[in-house]
1. Output the residues belonging to segment 1-19 that are under 16 Å from the mean Cα position of the chain (by Cα), in a helix (DSSP H, G or I) and not polar (S, T, N, Q).
2. ASN41: touching a helix residue (DSSP H, G or I) at 6+ places or on another chain (Cβ under 6 Å), farther than 19 Å from LYS153 by Cβ and at pLDDT 90 or above, yes or no?
3. Across segment 42-63, which residue is farthest from LEU8 (Cα to Cα) among those that are surrounded by fewer than 13 Cβ atoms within 10 Å (Cβ to Cβ) and over 20 Å from the mean Cα position of the chain (by Cα)?
4. Out of segment 82-106, which residues are in contact with a Ser or Thr (Cβ under 9 Å, 6 or more places away or on another chain) and either at pLDDT 85 or above or not small (Gly, Ala, Ser) (or both)?
Amino acid sequence: MSTLGSRLLELRKQKGFTQEQLAEKLNVTNQSVSKWEKDINAPDITLLVELADLLETSVDYLLGRGENKPVVTTTQKNIDQLVFKIRIQSANKDKVNINLPLSIVKLFAKDGELKMLKDKNIDIDINQLIALVEQGIVGELVDIESAGGDTVKITVE
């Protein structure tokens, strides 16, 4: 049976956060995050909602009472303040992590393609994703795992 700590560790890694990055976002120490992941301590109850939001899951999942379902939400934020995150991991464990302001992605998206994705033979219409974001949809927009073990995740937050 998985524990709160193991779920936190798994979700943090899926999001590409280091312990230090997650700690900074929550205004706690990285030692606190480490202790949570080792089940030595648990996060303060007042942090659970913010932690779930950062890891794009539910408090129920964090507490072991539900499934981990990706959270896609709508936002009224200025889209030029949003960050387009691309996470690619090949079957042989090569990793590509890209964080770009959405305004930059819009500039570089030619004919609905980003060269960095096209070079990896990933056929995703970026303009369609940008259109979703312009409608206020944010969160994990793409989650692909090929039969060969390659994964691609695109998140906007």
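The values are calculated or read from the model by the stated rules, or taken from the named source; none is laboratory data. A quick note: this is a predicted structure, and the numbers were derived from the prediction, not measured. Note: ideal-geometry Cβ built from the backbone for every residue, glycine included; neighbour counts use all protein chains shown.
1. Going through segment 1-19, the residues under 16 Å from the mean Cα position of the chain (by Cα) turn out to be 7-19.
Remaining after also requiring in a helix (DSSP H, G or I): 7-15, 19.
Within segment 1-19, ARG7, LEU8, LEU9, GLU10, LEU11, ARG12, LYS13, LYS15 meet the criteria.
2. On the way: touching a helix residue (DSSP H, G or I) at 6+ places or on another chain (Cβ under 6 Å): yes; farther than 19 Å from LYS153 by Cβ: yes; at pLDDT 90 or above: yes.
For ASN41, the condition - touching a helix residue (DSSP H, G or I) at 6+ places or on another chain (Cβ under 6 Å), farther than 19 Å from LYS153 by Cβ and at pLDDT 90 or above - is met.
3. Residues of segment 42-63 surrounded by fewer than 13 Cβ atoms within 10 Å (Cβ to Cβ): 44-46, 49.
When the remaining residues are screened for being over 20 Å from the mean Cα position of the chain (by Cα), the result is 44-46.
Numbers: ASP44: 14, ILE45: 14, THR46: 16 Å.
Looking at the filtered set, the residue picked out is THR46.
4. Once the filter is applied, which keeps residues that are in contact with a Ser or Thr (Cβ under 9 Å, 6 or more places away or on another chain) and either at pLDDT 85 or above or not small (Gly, Ala, Ser) (or both), segment 82-106 yields LEU82, VAL83, PHE84, LYS85, ILE86, ARG87, ILE88, GLN89, VAL96.
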